[in-house]
Amino acid sequence: MLLLVDQWQLGIDELTLFIRKWQKKPEYIYTASNDTGIKGPPVIFPQHCFSDLSQLKRGHGAKSVIDQHTKILRSIRMPAAFIDLDTPKQLTELKKLYNTN
């Protein structure tokens with residue numbers, strides 16, 4: 001499973017559901033999706049994709065592997081996966097939300 005460190009809204013319930021769905025059909029690639037159909041991490045790849053993943057060059061993400069295998073792609077609605085923490089402004093907003101400095 002590929003999971004980004006700044007996906008701070010994802011909880012154990014979402015990740016457990018995600019893993020359970022994949023366990024039922026582990027031959028598929030599973031991605032998170034939002035309400036507009038955008039797909040992204042977390043992503044679980046089946047073992048037969050590992051060779052393709054191992055050939056990725058530095059700076060090139062796994063999206064190219066996903067694009068090569070669209071016939072085996074499945075997505076699970078997981079809006080929290082698309083709330084991330086990328087900028088100082090977002091960090092400031094998060095600190096305000098939790099009343100920290």
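Read the figures in this text as sums done on the coordinates, not as results from a lab. Only a predicted model underlies this, so the values are computations on that prediction, with no experimental measurement involved. Positions of Cβ are generated from backbone atoms using ideal geometry, with glycine treated the same way; all protein chains shown enter the neighbour counts.
Out of the residues in region 53-90 that are small (Gly, Ala, Ser) and in a helix (DSSP H, G or I), state the one that is farthest from PRO26 (Cα to Cα).
Filtering region 53-90 for residues that are small (Gly, Ala, Ser) and in a helix (DSSP H, G or I), the one farthest from PRO26 (Cα to Cα) comes out as ALA80.
Out of region 9-45, which residues are within 12 Å of the chain's Cα centre (by Cα), of a type outside the set (S, T, N, Q) and assigned to a loop (DSSP other than H, G, I, E, B)?
LEU10, ILE38, PHE45
Return yes or no: is LYS39 surrounded by 11 or more Cβ atoms within 10 Å (Cβ to Cβ) and basic (Lys, Arg)?
Working: surrounded by 11 or more Cβ atoms within 10 Å (Cβ to Cβ): yes; basic (Lys, Arg): yes.
In short, yes.
Given the conditions (1) free of Cβ contacts under 8 Å to residues at least 12 places away in the same chain; (2) more than 19 Å from ASP84 (Cα to Cα); (3) not hydroxyl-bearing (Ser, Thr, Tyr), and given that ILE19 satisfies all but one, which numbered condition is not satisfied?
Condition (1) is where ILE19 drops out.
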